[in-house]
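The values are calculated or read from the model by the stated rules, or taken from the named source; none is laboratory data. Quick caveat, the model's predicted, so the values are computed rather than measured. Cβ atoms come from the backbone with ideal geometry, glycine included; neighbour counts cover every protein chain shown.
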Amino acid sequence: MIIKKRNNHLFITLPQDCMIGRVEADADKLRTRLKGINNIDISGGSVEEMDTAYFQLLLSLMSTAEVHGIEIHVSQHSAAMDNLLILYGENQERGEE
């Protein structure tokens, strides 16, 4: 996960392999960078594999953002991300963003 912070905006680029082995390190990266953030943009266009553990990390980030009034947007998503959304029953008629 690559995280860039510009003013009060966080830009997150997800890696190709979003698997359980990365969850703890990526969660730690996020925890240290959320203070003072108003917007989060997640780019997941290059994700080739994502397991449910990593997906839960993203859901947790979205929940945290909602609680703190942070706008969050997924600017790019991959087929791997869409497959997990379908598996979890999230917006099966999802269109391109």
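Do you know which of the residues in the stretch 12-64 that are among the acidic types (Asp, Glu) and free of Cβ contacts under 8 Å to residues at least 12 places away in the same chain is nearest to Asp82 (Cα to Cα)? That would be Glu24.
The number of residues in the stretch 4-21 being surrounded by 15 or more Cβ atoms within 10 Å (Cβ to Cβ) and of a type in the set (A, V, I, L, M) comes to 3.
Does Leu58 fit the bill of being part of a helix (DSSP H, G or I), modelled with pLDDT of 90 or more and within 17 Å of Glu71 (Cβ to Cβ)?
Criteria not met by Leu58.
Each residue in the stretch 22-48 was checked for being crowded, with 16+ Cβ neighbours inside 10 Å and of a type in the set (D, E, K, R), and 3 of them qualify. Residues in the stretch 1-52 that are among the acidic types (Asp, Glu), in a strand (DSSP E or B) and either out of contact with any Phe, Trp or Tyr (no Cβ under 6 Å at 6 or more places or on another chain) or farther than 19 Å from His77 by Cα (or both): Asp17, Glu49.
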